[in-house]
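One structure is given below, encoded as structure tokens.
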Amino acid sequence: MKGTHCVRLLKIGPFASLALILLWLSGCASLPSLEGRSESTALHLQDARQTQLGDTFRPQVDLHPGKSGIYPLDDAWDAFAARLLLAERAEKTLDVQYYIWRNDKTGRLMLSALLDAADRGVRVRFLLDDLNSRPLEGVLFHLHAHPNIEVRLFNPFMQRNSRIWGFITDFDRANRRMHNKSFTADNQATIVGGRNIGDGYFGTGDGLLFADLDVLAIGPVVQEVSLDFDHFWASQSAYPLDFVADVSAKRERYAPQSIAAMMSSQEEVYEYLNSVMDTSHMQALLDGSMPFEWANTIMVSDDPGKGLGHAHGGQLITHQLRKVIGEPEHYFELVSPYFVPTRAGTEALIEYAERGVEITILTNSLAATDVAIVHAGYAKWRKPLLEAGIRIFEMRRLPTNGEPESDERLARFGSGAASLHAKTFAIDGERVFVGSFNFDPRSVALNTELGFVIESERLAQRIDDTFSERMPYMTYELKLSSSGRIYWLERNPGEVIRHDVDPNTTLFKRASVRVLSWLPIDWLL
């Protein structure tokens, strides 16, 4: 029978044959039924308040009814220590949702912390986008086999050995990813923001360090995050690992000794935690003395149906942001590593500027970005934005020792050849957004996103201070010459250097970006 099919394919011509092959692959790649998938929900609030974390935070939460406690995690080591501490202190549940989880030192330490929690009896629900999961497969099978851990993959690829075939045979679905990032312990504390899990996000390796931002939250907004996690966990895009992969066969491939080598020992976890705590501000998390900012905080997120193209209107984060934030009247400060405003976004920003709104934008320079094709979608809009009086700063690719050297926290935030990864904006000095949402078409139309809108003048001022005090030594400011050409100002202590082309880039890279900018691909970026 197979031979007959091959002969028929040859007879109908190469192009038709290719089409039929792709159609056949698409049929083979269809997703299985979700019948028999287990059901679970977040820890009930009454039970959550009786946990150790509940005891720690309850006095502060009760003193600020209706408000949530927010602590910014702009320091990479603090951000890592906070996650380890929540995993260590959890008694009942850990709900963990991420887009990227690297198989490196940081990733293995965090996975070991989850495993240790499960060994103590904590129920761990681990929801991971499937796009980058392959390097972790062995560990994921090991974790999924634990009675207290369930691993689910969002929008999984049925062709497990090749993501490329998944895109070819099911592009519309495969191109939609879960970009959310949250880490919630006992429904009492959560971490939400821009960081994925990996050395580059926590400054623990020798490679690229992303300058990033999360917030640690307690209070009512935590229950909103838990409910949102439940929606994603029960969505039509969340598949238990054993539904899409042959777990028994993989267990034979990944022997226990190889799994042990891939994981970090608990001694390593606690040794690293103790070393981080020596220089971290997270010790206050243990005794309830952390100086939270208490503010009205609203969670905004996409409905998980967006992963299948089924979310519309109020189910989208963009609609919720417009409703909650409104339009800026005086100031708009935007931080976005992958800034692709498109024509519509550019026109909207220019309209705000013409109404007298002071707009400042921080994004990556061509030298600092880790996705050059995204820079192509941004670079072509720089000139009209500058002509409208909008200020643009681009993150430098800093030397490994950071600048200025005397500022330790600045070095930890932006050293190691930094690339911007934080996603935040402040409006009118009153409201702040922190989350996973980039100012680009992919965040708007394709990926699911999650974040907080925080009504806090203090946090808005903190972002403003970042622009005025920290950014000059970490960025280039873009200007227009009298002839209308863009140039870059690099400010260093005691000197200002002018660049007439994208700084620290080659002619080939600049030319490549220029060519890419001509292509009609902004909707993919």
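The values are calculated or read from the model by the stated rules, or taken from the named source; none is laboratory data. It should be emphasised that the depicted structure is a prediction, and the values quoted were computed from it without experimental measurement. Please note: Cβ atoms are built from the backbone with ideal geometry, for glycine as well, and neighbour counts cover all protein chains shown.
If I filter the stretch 447-465 for residues that are under 27 Å from I298 (Cβ atoms), part of a strand (DSSP E or B), assigned by TED's automatic domain parsing to the domain that holds M395 and among the polar types (S, T, N, Q), do I get at least one hit?
Pass one, the stretch 447-465, residues under 27 Å from I298 (Cβ atoms): 447-465.
Adding the requirement that they be part of a strand (DSSP E or B) leaves 448, 450-455.
Those left that are additionally assigned by TED's automatic domain parsing to the domain that holds M395: 448, 450-455.
Of the ones still in play, those that are also among the polar types (S, T, N, Q) are 448.
Within the stretch 447-465 (the criterion being under 27 Å from I298 (Cβ atoms), part of a strand (DSSP E or B), assigned by TED's automatic domain parsing to the domain that holds M395 and among the polar types (S, T, N, Q)), the answer is yes, since at least one residue qualifies.
Can you work out which of the residues in the stretch 52-73 that are polar (S, T, N, Q) and in a helix (DSSP H, G or I) is surrounded by the most Cβ atoms within 10 Å (Cβ to Cβ)?
So in the stretch 52-73, the residues polar (S, T, N, Q) come out as 52, 56, 60, 68.
Pick out the ones that are also in a helix (DSSP H, G or I) and you get 52, 56, 60.
Working: Q52: 15, T56: 19, Q60: 16.
Result: T56.
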Across the stretch 495-525, the tally of residues that are touching a residue at least 12 places away in the same chain (Cβ under 8 Å), over 14 Å from A379 (Cβ atoms) and either outside any loop (DSSP other than H, G, I, E, B) or touching a Phe, Trp or Tyr at 6+ places or on another chain (Cβ under 6 Å) (or both) stands at 4
Note: among R173, R89, R123, just one is modelled with pLDDT of 90 or more, of a type in the set (D, E, K, R) and farther than 23 Å from S226 by Cβ, namely R173
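Look at S468 and say whether it is free of Cβ contacts under 8 Å to residues at least 12 places away in the same chain and not in a helix (DSSP H, G or I). Lay out the reasoning, then the answer.
Details: free of Cβ contacts under 8 Å to residues at least 12 places away in the same chain: yes; not in a helix (DSSP H, G or I): no.
Criteria not met by S468.
Which of the residues that make up the stretch 33-51 are within 16 Å of V122 (Cβ to Cβ) and either without any contact (Cβ under 8 Å) to a residue 40 or more places away in the chain or surrounded by fewer than 16 Cβ atoms within 10 Å (Cβ to Cβ) (or both)? Quick ask: steps written out before the conclusion?
Here is the first cut: in the stretch 33-51, the ones within 16 Å of V122 (Cβ to Cβ) are 40-44, 47-48, 50-51.
Across the stretch 33-51, the qualifying residues are S40, T41, H44, D47, Q50.
When you scan the stretch 420-462, how many residues do you find that are under 16 Å from E358 (Cβ atoms) and buried (at least 23 other Cβ atoms within 10 Å of the Cβ)?
Our first condition is that a residue be under 16 Å from E358 (Cβ atoms); within the stretch 420-462, this holds for 425-431, 460-461.
In the following step, the residues that additionally are buried (at least 23 other Cβ atoms within 10 Å of the Cβ) were identified as 425-426.
The qualifying residues number 2.
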- Task: Inspect the stretch 141-159 for any residue being crowded, with 23+ Cβ neighbours inside 10 Å, of a type outside the set (A, V, I, L, M, F, W, C), in contact with an Asp or Glu (Cβ under 9 Å, 6 or more places away or on another chain) and touching a residue at least 24 places away in the same chain (Cβ under 8 Å) and give the result as yes or no.
- Result: yes
Cβ pairs under 6 Å, 6+ apart or interchain, first in the stretch 283-302 and closer than 16 Å to K67 by Cα, second modelled with pLDDT of 95 or more and of a type in the set (D, E), ordered by first then second residue, are A295/E455; N296/E455; M299/E224
Only unsatisfied item for I218, checking (1) among the β-branched types (V, I, T); (2) at pLDDT 95 or above; (3) closer than 20 Å to S275 by Cβ, is (3)
query: Yes or no: H319 at pLDDT 90 or above, closer than 25 Å to I298 by Cβ and under 24 Å from the mean Cα position of the chain (by Cα)?
result: yes
Is it true that some residue in the stretch 478-494 is surrounded by fewer than 16 Cβ atoms within 10 Å (Cβ to Cβ), of a type in the set (S, T, N, Q) and touching a residue at least 12 places away in the same chain (Cβ under 8 Å)? yes
Here the residues within the stretch 362-378 that are closer than 10 Å to V340 by Cα and in contact with a Lys or Arg (Cβ under 8 Å, 6 or more places away or on another chain) are A376
Log entry, pairs with first residue in the stretch 410-433 being in a strand (DSSP E or B) and modelled with pLDDT under 85, second being surrounded by fewer than 21 Cβ atoms within 10 Å (Cβ to Cβ) and of a type outside the set (S, T, Y), beta carbons closer than 8 Å, six or more apart or on different chains, reads S419/L208; S419/D370; S419/R397
Selection from the stretch 498-525 of residues more than 15 Å from L366 (Cβ to Cβ) and modelled with pLDDT under 90 yields W518, L519, P520, I521, D522, W523, L524
Among the residues of the stretch 75-89, is any among the small types (G, A, S) and more than 17 Å from K181 (Cα to Cα)?
no
Restricting the stretch 282-312 to residues that are part of a loop (DSSP other than H, G, I, E, B) and among the aliphatic types (A, V, I, L, M), the one farthest from W77 (Cα to Cα) turns out to be A311
